[in-house]
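Below is one structure, written out as structure tokens; comments come after it.
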Amino acid sequence: MMAYRQLIPLCDKIGVERIRVVIDDFYRRLAADPDIGHHFERIRDFEDHVNRIADFWYMNLGGRLDTPPTIDMVGKHAPLKLTETDLETWLRHFRATTEAHLEAPLAAEWQQLAEGIASRMREDIIQG
């Protein structure tokens, strides 16, 4: 008999509560950053924003939601006129936050997905 390996989605390995904690801390770090914090000043309801982004990541990590958020990532970020430096700062904070809250293998796996999003932002917004 052949043994099958059970694949566990990253959202289940991390857990919904820890995803929210990571995203909350991550956005607080971004908002406090002297170079890119100004991008977050226009967010009216910070808690709602964090919840929407946590749901976005939960789905991107393999989770399913009854009412998934509709997020136009390119449309929301294009008006900000982001630079490569902004994107590198975003990634630096993402790496530091995931490493602060998660075991190294989970942080690395999530960071790989964030690198993919950063590549898309770079292609669609920065390079246009």
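The values are calculated or read from the model by the stated rules, or taken from the named source; none is laboratory data. Please read all numbers here as calculations on a predicted model, not as lab measurements. Positions of Cβ are generated from backbone atoms using ideal geometry, with glycine treated the same way; all protein chains shown enter the neighbour counts.
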| For Ala54, are the conditions met, namely being free of Cβ contacts under 8 Å to residues at least 40 places away in the same chain, over 15 Å from the mean Cα position of the chain (by Cα) and at negative phi? | no
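This table checks each residue for (1) under 22 Å from Arg18 (Cβ atoms); (2) at pLDDT below 95; (3) not hydrophobic (A, V, I, L, M, F, W, C).
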{"position": "Asp33", "(1), (2), (3)": "no, no, yes"}
{"position": "His49", "(1), (2), (3)": "yes, yes, yes"}
{"position": "Trp57", "(1), (2), (3)": "yes, no, no"}
{"position": "Thr70", "(1), (2), (3)": "no, yes, yes"}
{"position": "Arg95", "(1), (2), (3)": "yes, no, yes"}
| query | Quick check, is Asp86 modelled with pLDDT of 95 or more, in a helix (DSSP H, G or I), more than 13 Å from the chain's Cα centre (by Cα) and among the acidic types (Asp, Glu)? | reply | yes
| message | For region 81-128, give me each residue that is free of Cβ contacts under 8 Å to residues at least 40 places away in the same chain and among the hydroxyl-bearing types (Ser, Thr, Tyr). | response | Ser119
| Odd one out for Ile117, checked against (1) in a helix (DSSP H, G or I); (2) over 12 Å from the mean Cα position of the chain (by Cα) | (2)
